[in-house]
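Okay, so here's the structure we're looking at.
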Amino acid sequence: MHIHLSAADSSYERSLSHIVPLFYENPRVTFSAEPDPGADLNIALDASEDESRIVVRATLAKRALIPAAAGESSAGAEGAPPSPERDVRHETSVPAAAPYEERRKLLKRTMSRALVDVLQRETGIVQPWGVLTGVRPTKLMHDGLRRGVEREEVRRALREDYLVSDAKIALMERIVERQLRALPDLYDLRKEVSVYIGIPFCPTKCAYCTFPAYDINGRQGSVNGFLHGLHHEIRVIGKWLRDHDVKVTTIYYGGGTPTSITAEEMDALYAEMAASFPDLGTVREITVEAGRPDTITPEKLAVLNKWNIDRISINPQSYIQETLDLIGRHHSVEETIEKFHLSRGMGMTNINMDLIIGLPGEGPEQFRHTLAETDKLLPESLTVHTLSFKRASEMTQHRGEAKYKVATREEIGEMMDEAVRWTDRRGYAPYYLYRQKNILGNLENVGYSFPGMESLYNILIIEEMQSIVGLGCGATSKWVDPVTGAITRLANPKEPKAYIDTYEKYIDDKLEALEKWNESRRQA
């Protein structure tokens with residue numbers, strides 16, 4: 001389906017174009033200042049503004065066919081100019097003396113709201129997240145609370161300015177309250193940092209994955225070279241943190257699969273961590289993703305015990321064997337269960353598991369089976385993901401093929417509702433949430449946990465309340481200015497060889513960024 005958006009200001013093309021696929025499956029979206037008579041739908045967004053208000057009118061028109069002349073087939077008749085069929089108007093008040101950038105944000109939000117409204121009326125599909133297409137909707141609620149805005153005013157803004165449904169507002173509020181119980185000093189952690197360490201290797205690459213994940217088999221040279229660079233990076237950055245008296249709040253080993261390397265390599269890496277980072281005993285949480293059950297061994301669990309690391313992830317994704325085979329996870333359902341019990345028996349007291357709604361070939365019946373199997377294990381925390389078609393993944397490249405057929409929007413919603421009911425009945429509560437582009441059903445990923453078992457790192461990274469120093473392959477450092485909250489990023493190379501060749505340069509860049517961050521920290 002061809003949908004054309006027309007607006008005078010082309011700078012809004014990207015954000016407005018992202019809204020249309022929420023309503024239509026794989027539409028062709030074009031944008032210009034004028035309508036396109038050949039498009040199936042034309043949506044014109046006309047904006048006007050004065051000192052006190054912004055008004056946007058959204059007009060939707062369908063292509064009308066010109067009747068064929070006598071003796072001619074009507075098939076292939078040229079499209080006539082579109083005729084208006086739906087018309088909505090949205091208005092936003094502008095604060096007195098609002099700066100230019102604030103006015104631009106308000107105009108963009110008003111245009112988005114008008115576009116969502118007119119498409120909801122046309123399709124009958126209600127978007128529970130309204131105009132929000134970003135990753136971190138809960139940041140809006142945190143921002144209001146930090147500024148001392150009354151809760152009812154925050155709710156009103158989400159409902160009226162962003163068109164968020166009451167159900168999603170209630171979910172956001174529940175999550176924010178849980179986060180503030182888990183981290184009462186959440187708003188005061190800008191002077192500390194957390195550390196993310198990326199290990200870029202996996203036994204195989206899953207069909208839906210776009211993380212830095214390279215087949216560890218046959219790449220020992222890359223592994224050795226990568227680990228040499230990573231040890232050096234930890235050593236240099238750790239010394240800087242010690243020298244500048246910077247506390248580390250949490251440490252998170254991700255990837256890839258950090259347990260893809262050998263037990264001996266893990267032991268040496270954690271020894272480097274303990275020797276380099278300041279006062280490891282005050283770090284509130286250390287997590288190691290052991291997401292692939294086929295990488296977990298008694299020897300590796302013994303290493304985790306040695307370094308007092310008891311929070312790990314073991315990720316089944318699904319308890320349907322055919323699904324695991326299809327998406328490239330070369331382990332069995334039985335192995336997931338076996339490795340969970342092995343980990344529990346060897347002292348892992350805080351285990352997270354990930355499940356994915358909407359994997360190819362799975363509907364509500366299969367997801368209920370996965371929940372029933374999870375019921376037998378009851379990990380301390382559980383993240384329920386909704387499948388996202390990430391641009392570079394194998395699954396996205398073959399989207400539409402029978403092999404990767406996925407559930408309908410209605411089925412996705414049914415499975416999400418089932419997850420909400422199941423977690424609630426078993427005493428789990430939501431504690432973090434994030435969204436992705438091209439996520440099925442335009443829904444969300446939600447982390448649940450038993451009380452007191454939340455992942456502190458997940459809260460910090462999602463809410464962007466603290467700087468994250470990224471070390472290793474594919475690791476992005478995210479600097480949150482201690483005074484202004486402004487965010488800047490610095491990404492390490494994703495590919496092991498590129499990392500091996502350039503890690504010293506990226507260490508220098510990181511040290512420079514840390515110095516700037518520390519200057520602001522002294523002023524805070």
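The values are calculated or read from the model by the stated rules, or taken from the named source; none is laboratory data. Just so we're clear, the structure is a prediction, and the values are computed from it rather than from any experiment. Every residue, glycine as well, gets a Cβ built from its backbone with ideal geometry; the counts of neighbours run over all protein chains shown. We work out accessible area using only protein heavy atoms, side chains counted, and drop any ligands, DNA or RNA first. Shrake-Rupley method; radii C 1.70, N 1.55, O 1.52, S 1.80 Å.
Quick notes on this one:
- Search result, residues across the range 297-333 that are open to solvent by less than 30 Å² (accessible area, probe 1.4 Å), out of contact with any strand residue (DSSP E or B) (no Cβ under 8 Å at 6 or more places or on another chain), farther than 30 Å from LYS405 by Cα and not charged (D, E, K, R): LEU301, VAL303
- Some residue of the range 466-476 being touching an Asp or Glu at 6+ places or on another chain (Cβ under 8 Å), more than 23 Å from LEU186 (Cβ to Cβ) and modelled with pLDDT of 95 or more: yes
- Taking first residues from the range 343-366 that are within 27 Å of ILE286 (Cα to Cα) and partners that are part of a loop (DSSP other than H, G, I, E, B) and of a type in the set (Val, Ile, Thr), the Cβ contacts under 7 Å between residues at least 6 apart in sequence or on separate chains come to SER343/ILE296; SER343/ILE314; ILE351/ILE314; MET353/ILE314.
- Checking THR336, THR386, THR370, THR374 one by one, the residue that is farther than 23 Å from CYS202 by Cα, open to solvent by less than 10 Å² (accessible area, probe 1.4 Å) and out of contact with any Ser or Thr (no Cβ under 9 Å at 6 or more places or on another chain) is THR374 and no other.
- Every condition in (1) modelled with pLDDT of 90 or more; (2) open to solvent by 30 Å² or more (accessible area, probe 1.4 Å) holds for VAL20 except the one numbered (2).
- Residue count for the range 253-270 under the criterion of being open to solvent by 10 Å² or more (accessible area, probe 1.4 Å) and assigned to a loop (DSSP other than H, G, I, E, B): the result is 2.
- Any hit, the range 389-397, residues being at pLDDT below 85, charged (D, E, K, R) and surrounded by fewer than 15 Cβ atoms within 10 Å (Cβ to Cβ): yes
Let's see how each residue does on (1) open to solvent by 30 Å² or more (accessible area, probe 1.4 Å); (2) in contact with a Pro (Cβ under 7 Å, 6 or more places away or on another chain); (3) assigned to a strand (DSSP E or B); (4) more than 17 Å from ARG89 (Cα to Cα):
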| site | (1), (2), (3), (4) |
| --- | --- |
| ILE3 | no, yes, yes, yes |
| GLU13 | yes, no, no, yes |
| GLU25 | yes, no, no, yes |
| VAL29 | yes, no, yes, yes |
| GLU34 | yes, no, no, yes |
| ALA39 | no, no, no, yes |
| ASP46 | yes, no, yes, no |
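- All positions within the range 48-60 that are open to solvent by less than 70 Å² (accessible area, probe 1.4 Å) and in contact with a Leu (Cβ under 9 Å, 6 or more places away or on another chain): ILE54, VAL56, ALA58, THR59, LEU60
- Residue within the range 294-312 that is in contact with a helix residue (DSSP H, G or I) (Cβ under 9 Å, 6 or more places away or on another chain) and under 16 Å from THR370 (Cβ atoms) present: no
- THR250 vs. criteria open to solvent by less than 30 Å² (accessible area, probe 1.4 Å), in contact (Cβ under 8 Å) with a residue 40 or more places away in the chain and more than 17 Å from CYS202 (Cβ to Cβ): yes
- Scanning the range 153-160 for any residue that is aliphatic (A, V, I, L, M) and either open to solvent by 40 Å² or more (accessible area, probe 1.4 Å) or closer than 23 Å to TYR428 by Cβ (or both) turns up nothing.
- Any helices (runs of 4 or more DSSP H) falling wholly within the range 283-363 and containing at least 1 residues that are farther than 28 Å from THR250 by Cα: 321-327, 333-345
So that you can scan it fast, the table gives a plain yes or no per residue for (1) open to solvent by 20 Å² or more (accessible area, probe 1.4 Å); (2) touching a residue at least 12 places away in the same chain (Cβ under 8 Å); (3) basic (Lys, Arg); (4) within 20 Å of VAL446 (Cβ to Cβ):
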residue	(1), (2), (3), (4)
PRO95	yes, no, no, no
TYR100	yes, no, no, no
ARG103	yes, yes, yes, no
LYS108	yes, yes, yes, no
VAL118	no, yes, no, no
GLN127	no, yes, no, yes
PRO137	no, yes, no, yes
ALA170	yes, no, no, yes
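- Counting only strands (runs of 3 or more DSSP E) that fall entirely inside the range 409-524 and contain at least 2 residues that are open to solvent by 60 Å² or more (accessible area, probe 1.4 Å), the qualifying elements are 487-491.
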